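Reviewing the structure listed below.
The values are calculated or read from the model by the stated rules, or taken from the named source; none is laboratory data. For clarity, every value in this text was computed on a predicted model and none was experimentally measured. Cβ placement follows ideal geometry from the backbone for every residue including glycine, while neighbour counts extend to all protein chains displayed. Note: accessible area is taken over every heavy atom of the protein model, side chains too, but ligands, DNA and RNA are not part of it. Shrake-Rupley method; radii C 1.70, N 1.55, O 1.52, S 1.80 Å.
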Amino acid sequence: MSRRELLANVAKELASRPLIGNENKYGPDLEPILKYFPRENLSIGFDWCAAFVYHCCIESGVKLPVRYHEPVSRNFAWVEAWLEWGQLYGFYYHISDQSFTPDQGDLIIFDNILGNGLNDHIGVVVKIEQDKIITAEGNYYNKSGVFQRTRDQINGFIRIADTY
């Protein structure tokens with residue numbers, strides 16, 4: 001099984017539970033995901049979609065630091081960090097890139113899916129079905145799930161090289 005297949009399977013299993021946060025975006029479901037990232041108050045979480053993706057990557061053997069060095073501006077609990085890192089390594093493909101076909105295990109970045117503007121959400125592609133993209137996501141309104149998405153709110157994709 002390839003690393004991307006493993007990543008998709010890990011993400012789907014975790015998202016299907018589902019994981020649910022409390023009013024502070026925290027709770028026993030989320031501690032394994034949030035534990036990597038510094039917080040002033042350990043009983044208060046944060047928007048955790050990018051942390052969900054980070055946890056899935058770690059669980060599937062992708063070796064990533066909590067925070068990548070400059071020019072990546074934030075830790076991997078932020079969608080922007082994934083986008084900057086993907087662009088830095090040439091792993092990022094904008095939705096308009098006709099030469100790229102998304103596949104299982106790719107990361108997917110959304111624009112304005114939660115009403116927060118550009119790069120406001122991230123998930124993992126589980127599979128492609130014709131014109132639909134099946135994703136595993138964390139923190140979609142403070143819970144995880146497996147969703148059917150269309151291309152209209154997608155910013156782009158990150159395909160982590162198998163050799164990374």
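Scanning the range 19-31 for residues that are in a loop (DSSP other than H, G, I, E, B) and not polar (S, T, N, Q) yields Leu19, Gly21, Glu23, Lys25, Tyr26, Gly27, Pro28, Asp29, Leu30. Whenever a residue of the range 30-42 is over 19 Å from Val10 (Cβ atoms), its partners that are of a type outside the set (S, T, N, Q) and not in a helix (DSSP H, G or I), lying with C-beta atoms within less than 8 angstrom and at least six residues away or across chains, give the pairs Arg39/Gly45; Arg39/Phe46.
Does Glu13 satisfy the condition of being open to solvent by 20 Å² or more (accessible area, probe 1.4 Å), among the charged types (D, E, K, R), within 20 Å of Gly105 (Cα to Cα) and at pLDDT 95 or above? Yes.
State which residue is farthest from Arg74 (Cα to Cα) when the search covers only the range 17-31 and only residues that are out of contact with any strand residue (DSSP E or B) (no Cβ under 6 Å at 6 or more places or on another chain) and open to solvent by 50 Å² or more (accessible area, probe 1.4 Å). Break it down into steps so the answer makes sense when it comes.
Step one: list which residues in the range 17-31 are out of contact with any strand residue (DSSP E or B) (no Cβ under 6 Å at 6 or more places or on another chain), which gives 17, 19, 21-28, 30-31.
From the residues that got through so far, the ones that are open to solvent by 50 Å² or more (accessible area, probe 1.4 Å) too are 17, 22-25, 28, 31.
On the way: Arg17: 29, Asn22: 25, Glu23: 25, Asn24: 22, Lys25: 20, Pro28: 25, Glu31: 20 Å.
Filtering first and then ranking leaves Arg17.
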